[in-house]
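What follows is one structure encoded as structure tokens, with my remarks underneath.
Read the figures in this text as sums done on the coordinates, not as results from a lab. Predicted, not measured: the structure shown is a model, and the values here were computed from it. Cβ atoms come from the backbone with ideal geometry, glycine included; neighbour counts cover every protein chain shown.
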Amino acid sequence: MKLTNKGMQRSLAVVIAAFLLFLTACGSNGGSAPASSGTEKPAGNQADSVKVGVLLTFSGPFATVGEGLKRGLELYFELNNHTVGGKKVELVYEDDENNPQVALRKYHKLVDEDKIDLLIGMTTSTTLYALRDQIDRDKKPLIVANAGGNDSSWDKKSDYIYRAAASNYQQGAAISDYIAKNVGKKAYIVSYDNPAGREQAEAFKSAYEAAGGQVMQMEFPKVGTNDFAGFMTQIAQAKPDVVYNMGPSTDGMRFAVQFKEFGLKDKIALISTVPTDLATTPEMIAALDGVYGIKIFKDSLDNPATKKFMEAFTKKHPNIPPNIEIMGYDSAMLADKAIEKAGSTKAEDLIQVMKNISLDSPRGKFQMDPKTNNPISDFFVQKFVVKDGKLGFEYLDTMKDVGMPEKNPFKK
């Protein structure tokens, strides 16, 4: 078939147009930059919203801690129109299963696939230590919601990791002086065989002995221990004045119940770190009655931030006494205020703000210490009390301005 002049002209025009389109496409790509993989963060997302990864433990023995942190985190954003730094917040949750390998895999998913701006997380010291080096290399800001690992403020301190909770050092040491001076001079320690358990026990022992007390024995049962009979027998034989039990999850609740069942509760004072929301039966409530503890939060503090938190929390969760939740709440507040003050979600801008940030927290004082990237806060000595079948607190004393040493005092 022959082409007419008009047909040839149309064909030539199509070829030229296609060629020009090809040149335009090459030019827009600079001739060398790779095409988008489809995983890059959209250009408008930075201006319109902030994506926050939340990496906590939602399964296994520490699931109750993760759920409590989530309740506090979400309450803060609900009270602040679901914004952070004045921009809409998008929360991306992942369960680290309290497994270092799983935590690292979920972290990479949040950073590489979800393109988060910053991370809130780490329920346990185990997962915090597992992710520390990768976070430092990636320069991805992390707000630690619960994990108290001391070394993240000492030898493994990173410019990109800031704690909203309390260190293991603070949690172990804060109550020691009061106990030595008001409860008894001889202590027996039963604490988790994991980083948090050993670090809190070490801090309690050091501060307790500095206050004139004597630690008779230290035992470290495995996480998930069901039967504490052997430990109860040893405690009964040792006859201490007080037992310090670091067991913040279901292990701690089992220990308190068995402590009462073995008839030790009426003879020996017990210090426990178990959260009140685990006491779900009359047996558990009775086991905690009269037990000592230490908290970073006092629900009756006379300040607007505490009243606002308590009003909102009790309305939303009328049957749960707030405990772990305050650390989730403060983690969200730290993210919000840091982005607001920095005017940016860039890592280098955020860390400059977080180093010295102070918060109007429901817990009262919250002042970040730039020497440790850990907050200085008041701690409250308490005793569990049962009224009308419900578990509450009697506050005994306030430990003011509790921080932690700049250097590891236990390092040999």
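Put a dot 7 Å past each Cα toward the Cβ at Lys346 and Thr280; how far apart are the dots in nm?
So the two model labels end up 4.8 nm from each other.
Could you go through segment 75-80 in sequence order and give the Karplus-derived ³J(HN,Hα) for each residue, using 6.51 cos²θ - 1.76 cosθ + 1.60 with θ = phi - 60°, rounded to whole Hz, and x for Gly and Pro?
Running phi through 6.51 cos²θ - 1.76 cosθ + 1.60 with θ = phi - 60° gives 4, 4, 5, 5, 6, 10 Hz.
Looking at the chain, what % of its DSSP beta bridges pair antiparallel, to the nearest 5?
In the chain, approximately 40 percent of DSSP beta bridges are antiparallel ones.
Length gain on complete extension for the stretch Glu219 to Lys365, per 0.36 nm per residue less the alpha carbon to alpha carbon distance?
Gain on stretching Glu219 to Lys365: 49.2 nm.
In cubic angstrom, how much convex hull volume per residue do the alpha carbon atoms of segment 182-323 span?
So the per-residue Cα hull volume is 126 Å³.
May I ask you to list the GluC sites (Glu not before Pro) in segment 304-412 that are in a DSSP loop and have at most 16 other Cβ atoms within 10 Å of their Cβ?
The qualifying sites are Glu406.
Given labels modelled 7 Å from the Cα in the Cβ direction, how far is it in nm from Lys185 to Lys239?
Placing both labels 7 Å beyond Cα along the Cβ direction yields 1.5 nm.
Apply 1/(1 + (r/R0)^6) to the Cβ-Cβ distance of Lys400 and Gln101, taking R0 = 51 Å, and write down the FRET efficiency to the nearest 0.05.
0.80
Mind running the shape call on segment 186-254? Use the C-alpha gyration tensor, a ≥ b ≥ c as the square roots of the eigenvalues: rounded below 1.5 for a/c, prolate if a/b tops b/c, oblate otherwise.
Oblate.
Can you bin every Cα-Cα distance in segment 104-165 into 5 Å intervals starting at zero and give me the percent of pairs per bin, rounded to whole numbers?
4, 20, 34, 27, 12, 3, 0
With a 10 Å radius around each residue's Cβ, average the other Cβ atoms per peptide and rank 357-365, 316-324, highest first.
Ranking, from highest mean packing down: 357-365, 316-324.
To the nearest 10 degrees, how steeply does helix 125-138 sit against the main Cα axis of the chain, on a 0 to 90 scale?
30
Suppose we look only past 29 Å in the calculated P(r) of the chain. What percent of the Cα-Cα pairs does that tail hold?
More than 29 Å apart: 48 percent of the Cα pairs in the chain.
Greater than 23 Å separation of Cα atoms is the criterion. Which listed pairs, Lys316/Lys355; Lys70/Lys265; Lys307/Lys365; Lys298/Lys383; Lys298/Lys407, meet it?
Lys316/Lys355; Lys70/Lys265; Lys298/Lys407, as the Cα separations exceed 23 Å there.
Return the aspartates and glutamates within reach of Lys106: Cα separation strictly under 14 angstrom, same-chain partners fewer than 8 residues apart disregarded; answer none if there are no such residues.
Leaving aside aspartates and glutamates fewer than 8 places away in the same chain, those within reach of Lys106 are Glu94, Asp95, Asp96, Glu97, Asp114.
Over the chain, what relative contact order in percent results from Cα pairs under 8 Å that are six or more residues apart?
Dividing the mean separation by the residue count of the chain yields 17 percent.
Using amide H atoms built in the peptide plane, which far-off residues or other-chain residues are under 5 Å from Val243 H to H?
Under 5 Å from the amide H of Val243 lie the amide H atoms of Tyr188, Ala269, Leu270, Ile271, each far enough along the sequence or on another chain.
Place a point 7 Å from the Cα of Ala312 along the Cα-to-Cβ direction; which residues of segment 60-85 have their backbone N under 12 Å from it?
It comes to 72-84, nothing else.
Give the peptides 77-89, 161-173 in descending order of average Cβ contacts within 10 Å, highest first.
Going by the mean number of other Cβ atoms within 10 Å, highest first, we get 161-173, 77-89.
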